[in-house]
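Report on the following structure.
The values are calculated or read from the model by the stated rules, or taken from the named source; none is laboratory data. Computed from a predicted model, the values in this text were never measured in an experiment. Cβ sites come from the backbone with ideal geometry, for glycine too, and all protein chains shown count toward neighbours. When the accessible area is computed, the model is the full protein with side chains, heavy atoms only, and any ligands, DNA or RNA have been set aside. Shrake-Rupley method; radii C 1.70, N 1.55, O 1.52, S 1.80 Å.
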Amino acid sequence: MSFNDDEPIIPPPNSGPRPTPIVPGRVQLVSKNNNMAPLEENTQKVLLELTGGDSTSDRSGLDLVAVLDVSGSMQGEKIEKMKTAMKFVVKKLSSIDRLSIVTFLDTASRICPLRQVTEASQPQLLGLIDALRPGGNTNISDGLKTGLKVLADRKLSSGRVVGVMLMSDGQQNRGEPAAGVPIGNVPVYTFGFGADYDPTVLNAVARNSMGGTFSVVNDVDKLSMAFSQCLAGLLTVVVQDLTVTVARVDDESTIQKVTAGNYPQTQDADAGSVTVAFGDLYSKEVRKVIVDLLLPAIDTERGADILEVTYSYKAGGKLFDAPPATVTVRRSGMAFPEDDPPVDVQTEEARLRTATMIRQARTMADGKKLGDARDKLAEAQNALEDVVAQSDPLLDALRTELQELLKLTKSQDVYEKQGRPYAMSSETSHDRQRFAARGDIESNRLFATPRMDKYLEQAKKFDEDPAAPLPSADQDEKEEVAANPLAPLAGPITFYIQAAIQALQAIEKLINNGAKAM
């Protein structure tokens, strides 16, 4: 069966044209490294930060597929909480967005094609959600494959943001293993609901996707909040297919390692470059890359270019290449500390080290070595106290994460039911540098964006009174622009200033090289 019956996007009456996308400056690149380096051979670390722009007033429309578990174990309060969470999703979507609902039990069913969310269709979508009834077994793989097929078969796909939200409360007992389903370039966000699902399967599905995360929702009352965080990201995608390339500078540096989570990396040995593919980037979301460089010994003091950085992305279906940036240092004969990277680099390395130790602790706990796991988590806590930037919010979030994991490893039974899912969610969140709901969603806000914070409060109020008015994503955007009217222009202005500076630096370099040659 082909699912090429997706609805076209028809502008609502009197809506006026959508804003023309302002492509330049949707991503801001900042590099942080030591300004000075010794004359002898040495290693240097460069931290690159890529941040999504402020404004989403010209965002691309979202094609969202909700893949929902309606097996027998969803009976009672669970199905009702899921319905409430899905109603929140429907009411937040705007007329440029489309939603398809897929359910699974023994097999999967597409409840509706990708439908434009309008004033007319919204009540119909809410009615479909109200009509959901639980029963049968759990075939996660068929639900996932059906959801992916809905996106693959679309007639309208150019420039669209895509996402799959897959939620399950049980262990797969029908169909092929979901972890083996090929996903391709689609983010799949999985949600483990309740206490009886298999976190290994849902975690693997998220990790197999491009940018997806695994969220843990032990408390049935928190599903709307968990869904809201995922939706807040998907509705604020500022660029798609973001790629970053770092390249050595001949005779000045060699790239030893590039650390960027578990995003795909490709190497070009001849060019001495590494390219990282990040996929989508949300507004105000940050991707950090640490590049380890080896600088050769030189004889005389001088300035040196040590790294070339380029990046590209798609916006509105069009590819955009940012101008190249160059990282420089001053090579000097003065004495230097053995290892003293900038504070921001130390903080990011502390996060990476903590994530590694969490993974090690989980492996120990999975092997029934709970004492060793707790010791590893305590070791991670102690290591954080040695970081220079003690008041950094990131370090506070890491401390909260470790404290929660220590609680969840107090016994093997608690670990099996809650600790393992929490640790897996933590790992995928760190690997993606993206928020994933787990534990106390309100206090553990690692990687959360401003829109996620806003939607968290909206979801809490919606759970209390689902009949109360709820602003759409369009209304959220208007409110944000009213609060910061220059936001749509800030990115392009910064972009053109940086481009001008880079052009002047290139001219200065040519002049200096010409003077040396005379």
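Overview of results
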{"quantity": "Pair list, Cβ under 6 Å, 6 or more apart: region 324-339 residue closer than 26 Å to residue 387 by Cα, other residue modelled with pLDDT of 95 or more and acidic (Asp, Glu)", "calculated": "328/305"}
{"quantity": "Residue match in region 300-316 (condition: at pLDDT 95 or above, of a type in the set (S, T, N, Q), open to solvent by 10 Å² or more (accessible area, probe 1.4 Å) and touching a Leu at 6+ places or on another chain (Cβ under 7 Å))", "calculated": "yes"}
{"quantity": "Per-region count, region 213-247, residues assigned to a loop (DSSP other than H, G, I, E, B) and in contact (Cβ under 8 Å) with a residue 60 or more places away in the chain", "calculated": "4"}
{"quantity": "Hits in region 244-299 - residues which are among the charged types (D, E, K, R) and over 21 Å from residue 315 (Cβ atoms)", "calculated": "248, 250, 251, 252, 257, 268, 270, 288, 292, 299"}
{"quantity": "Condition met for residue 288 (open to solvent by 40 Å² or more (accessible area, probe 1.4 Å), part of a strand (DSSP E or B), of a type in the set (Lys, Arg) and touching a residue at least 12 places away in the same chain (Cβ under 8 Å))", "calculated": "yes"}
{"quantity": "Residue 78 being open to solvent by less than 30 Å² (accessible area, probe 1.4 Å), within 30 Å of residue 476 (Cα to Cα) and not hydrophobic (A, V, I, L, M, F, W, C)", "calculated": "no"}
{"quantity": "Residue within region 183-195 that is in contact with a Pro (Cβ under 9 Å, 6 or more places away or on another chain), among the aromatic types (Phe, Trp, Tyr) and under 23 Å from residue 436 (Cβ atoms) present", "calculated": "no"}
{"quantity": "Filter result for the condition that a residue is aliphatic (A, V, I, L, M), modelled with pLDDT under 95 and open to solvent by 10 Å² or more (accessible area, probe 1.4 Å), over 294, 319", "calculated": "319"}
{"quantity": "Of all residues in region 361-395 being open to solvent by less than 50 Å² (accessible area, probe 1.4 Å) and over 18 Å from residue 350 (Cα atoms), the one that is nearest to the chain's Cα centre (by Cα)", "calculated": "362"}
{"quantity": "Hits in region 86-104 - residues which are out of contact with any strand residue (DSSP E or B) (no Cβ under 8 Å at 6 or more places or on another chain), open to solvent by less than 10 Å² (accessible area, probe 1.4 Å) and under 20 Å from residue 222 (Cα atoms)", "calculated": "88, 92"}
{"quantity": "Test for residue 46: is it closer than 30 Å to residue 291 by Cβ and either crowded, with 23+ Cβ neighbours inside 10 Å or touching a helix residue (DSSP H, G or I) at 6+ places or on another chain (Cβ under 6 Å) (or both)", "calculated": "yes"}
